[in-house]
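The values are calculated or read from the model by the stated rules, or taken from the named source; none is laboratory data. Being a predicted model, the structure only gives us computed values, none of them experimental. Here the Cβ positions follow ideal geometry from the backbone for every residue, glycine too, while neighbour counts run over all protein chains shown.
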Amino acid sequence: MLAAEVYGDVAVTEVIRPAAVLPESAARTVLVELALRDVRSGGHWASSPTLWQRYNAPWSGAGMLSPGTSELIGSMQVSYGSPTKYAITIYRATITTLGAEAGWTVEALCDEALSFGGYTLAECPRADLKAPPKPFRMGA
């Protein structure tokens, strides 16, 4: 219920573990391709350094600065510059009810964006998860 309040109409939210890490060369290509497919210029993607959103149509609001009748299919939460300076980490994806009804899945959403850099979610390198440190014990 909390996710629905924060993200709006949500059908599926998946935490990607371990997080997918898009290497530098692919990350640059993906960013260029997302910009070329921006919702404000006839595309289906709205991207920022923390969130990539896929819409069902280009934005049609006043001056193409708002969604208008365009509806959100899903979103990917990302982090630029992590774990290395030019890499991009993908750690959560969300599909709206509209997206799920149209047949979108977390994998399909991620695969569309990652394909611009030559990857799929399944093929994308993963974050190196280190074991947590041992608990501190006084006098031991």
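Of note:
- Test for residue 108: is it under 15 Å from residue 12 (Cβ atoms) and free of Cβ contacts under 8 Å to residues at least 12 places away in the same chain: yes
- Helices (runs of 4 or more DSSP H) lying entirely in region 1-110 (those with 1 or more residues that are in contact with a strand residue (DSSP E or B) (Cβ under 8 Å, 6 or more places away or on another chain) and modelled with pLDDT of 95 or more): 24-36, 97-101
- Residue pairs meeting the criteria (Cβ under 7 Å; at least 6 apart or on separate chains; first loosely packed, with under 12 Cβ neighbours inside 10 Å, in region 112-135; second at pLDDT below 95): 129/18
- Within region 33-59, considering residues that are under 17 Å from residue 90 (Cβ atoms) and in contact with a Leu (Cβ under 8 Å, 6 or more places away or on another chain), the one surrounded by the most Cβ atoms within 10 Å (Cβ to Cβ): 54
- For region 15-30, the set of residues classified as out of contact with any Gly (no Cβ under 8 Å at 6 or more places or on another chain), crowded, with 19+ Cβ neighbours inside 10 Å and farther than 23 Å from residue 103 by Cβ consists of 19, 21, listed by residue number.
- Summed over region 14-53, the residues that are among the hydrophobic types (A, V, I, L, M, F, W, C) and within 17 Å of residue 127 (Cα to Cα) give a count of 8.
- Selection status of residue 71, among the acidic types (Asp, Glu) and in contact with a Gly (Cβ under 9 Å, 6 or more places away or on another chain): yes
- Within region 54-74, residues that are touching a residue at least 24 places away in the same chain (Cβ under 8 Å) reach partners that are among the polar types (S, T, N, Q) and surrounded by fewer than 18 Cβ atoms within 10 Å (Cβ to Cβ) with beta carbons closer than 7 Å, at six or more positions or on different chains, in the pairs 70/56; 70/60; 71/56; 73/56.
- In region 110-122, of all residues being hydrophobic (A, V, I, L, M, F, W, C) and touching a Ser or Thr at 6+ places or on another chain (Cβ under 8 Å), the one that is farthest from residue 51 (Cα to Cα) corresponds to 116.
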